[in-house]
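The values are calculated or read from the model by the stated rules, or taken from the named source; none is laboratory data. A quick note: this is a predicted structure, and the numbers were derived from the prediction, not measured. Every residue, glycine as well, gets a Cβ built from its backbone with ideal geometry; the counts of neighbours run over all protein chains shown.
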């Protein structure tokens, strides 16, 4: 068999495009799909798999099928990459892989931040109840309506009246949610590169409010109609600013990436820590 004539212009050889791998993949998919649908689907899949494998092998054996791509003239080619003598500044110590962030806030900061944010949010909610309905019990009963469906169908008179059960449910629910969100804030604030107070105090509450606004109409339409979203956004921002301020003022804890390798692996060896070095 005579070899094909090579073009006079410079070129590079690349594997020729082929559809047989996709045929084989489709056959394998149909083969397994037939196990839960119909045996005929499996038969078709096996046939396609065999055909795809044979066609694929014929593209590479005994001689690989290639495609010759002519090179552009030297004047139109990309310039060769010039090596640089500058060194790359590497993050971290000891040459090991760096984890981000290098420092984190303690969990206690998230708890206290969540409680501070919850208090700020509750203050605005109570203020809204007094301004809009002349009662501090309206926002509390409205919050408790999430766990007490009967309050979702109550009229304004019942929502503005004192309800001991609703008060207990609202306080417990608000406290748990505030602490949970505070812990999330403590975990994600160190990952923001700049202005964590802006991200945690404004951007995150707006995103959370938008998500809740889009889903509450499906989850609880009655509650969605009773919420004043302007005050809700303001209370969310107050939560984010208060929680972010408390968390950002806490002392950060260095992650394990700053420890020596032996200390991270739990190996007791001389010089691993200052205390052991002093003892020796």
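Points worth noting:
- Within the stretch 20-49, restricting attention to residues that are free of Cβ contacts under 8 Å to residues at least 12 places away in the same chain and exposed (fewer than 15 other Cβ atoms within 10 Å of the Cβ), the residue that is nearest to residue 60 (Cα to Cα) is 43.
- The criterion of being assigned by TED's automatic domain parsing to the domain that holds residue 240, within 25 Å of residue 183 (Cβ to Cβ), surrounded by fewer than 19 Cβ atoms within 10 Å (Cβ to Cβ) and in contact (Cβ under 8 Å) with a residue 60 or more places away in the chain holds for residue 119.
- Criterion violated by residue 132 - all others in (1) touching a residue at least 60 places away in the same chain (Cβ under 8 Å); (2) within 35 Å of the chain's Cα centre (by Cα) satisfied: (2)
Rundown of residues vs (1) at pLDDT below 80; (2) within 23 Å of residue 255 (Cβ to Cβ); (3) surrounded by 14 or more Cβ atoms within 10 Å (Cβ to Cβ), yes/no style:
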position	(1), (2), (3)
165	no, no, no
175	no, no, yes
185	no, yes, yes
191	yes, yes, no
197	yes, yes, yes
200	yes, yes, yes
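- For the stretch 209-219, the criterion of being loosely packed, with under 14 Cβ neighbours inside 10 Å and modelled with pLDDT of 85 or more is satisfied by no residue at all.
- Spans of helices (runs of 4 or more DSSP H) in the stretch 50-156 with at least 2 residues modelled with pLDDT of 80 or more: 107-133, 137-144
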